[in-house]
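Comments concern the structure below.
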Amino acid sequence: MHAQSPAIIHRDLKPANILISSRGIIKVCDFGQSLKLDTKLPPPETPAPVTTLHYRSPEAIFGDNTQTKANDMWSVGCILAELLDGRVLFDGSTEDQQAMLMYAVLGPASGKRWPGYEKLPLSRQYDETWKYVLKQDHAYLEALSLQERFKSQIQCDDRLSTVGFDLLTQLLSYDPRTRISAQDALSHPWFWEYPHCELGDDMRPGMYLPQSPSSPLSE
């Protein structure tokens, strides 16, 4: 979050690049792909996305390589979901699979949800692919939805409340212009819910993220 205050985007946020000490202190590492933005100029573009596939933003997947802070915030949403669920949220092995997983988890992108979506280079291609995917296992696709994935946690208020789910959905907004910013995310009410964050010797070491199981969409 602090990296975004001086208009620096990391561009490769993922669990492997987040270090957590036994006292709960978090540090972000590996700034090899980072980029400093000039706020007086339009956001730059790159010839190809550099973010690790599982944490790559939808705008990059759909062919828009404009570099903004919103790219990082999407990655943060993916990481948050993974921490809560223990599985990679979008675990495709290709960009095509990533796009279909986004459709399955968040619902199809559209001009209503994401103004300008129809003008993206790959939007029509992925819309056609989705029509084919819909003819497959509907029960499996329904189980992938974000609401279904975290329903039990929300109902039991276990790790994720309805307030926390609101933050997660704002981080995973298709439209980068409406995706929550780092500053607004830090002020979100979820961080003020009980139990509060602890810092000190009470932190238990040994945190890990289980590997994602294989899925039919990865085949």
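The values are calculated or read from the model by the stated rules, or taken from the named source; none is laboratory data. Please read these numbers as outputs of a predicted model, since none were measured by experiment. Note that each Cβ is placed from the backbone with ideal geometry, even for glycine, and that neighbours are counted across all protein chains shown. These accessible areas exclude ligands, DNA and RNA; they are computed on the full protein's heavy atoms, side chains included. Shrake-Rupley method; radii C 1.70, N 1.55, O 1.52, S 1.80 Å.
Tabulated data for the structure shown
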{"read-out": "Exposure of E148 as accessible area (Å², to 10), given a probe of 1.4 Å and all protein chains", "value": "90 Å²"}
{"read-out": "Charged-residue dipole, Cβ positions (Lys, Arg, Asp, Glu), the range 30-83 about Cα centre, Debye nearest 20", "value": "120 debye"}
{"read-out": "Cα radius of gyration and Dmax for the range 35-189 (Å)", "value": "15.7, 49"}
{"read-out": "By accessible area with a 1.4 Å probe, ligands and nucleic acids excluded, highest first: order of L172, L122", "value": "L122, L172"}
{"read-out": "Given K27/K69; K14/K69; K69/K151, the pairs whose alpha carbons are separated by over 24 Å", "value": "K69/K151"}
{"read-out": "Global form of the range 138-188, assessed from the alpha-carbon gyration tensor, a/c cut-off 1.5", "value": "oblate"}
{"read-out": "Residues whose placed amide H lies under 5 Å from that of L89, excluding near-sequence neighbours", "value": "E82"}
{"read-out": "Residues whose placed amide H lies under 5 Å from that of S173, excluding near-sequence neighbours", "value": "I180"}
{"read-out": "With all protein chains modelled, accessible area of S21 [1.4 Å, Å²]", "value": "50 Å²"}
{"read-out": "The range 29-110, Cα convex hull volume normalised per residue, Å³", "value": "115 Å³"}
{"read-out": "Solvent-accessible ranking of Y103, Y132, Y194, largest area first, probe 1.4 Å", "value": "Y194, Y132, Y103"}
{"read-out": "Largest-first ordering by accessible area, 1.4 Å probe, given options C156, C29, C78", "value": "C156, C29, C78"}
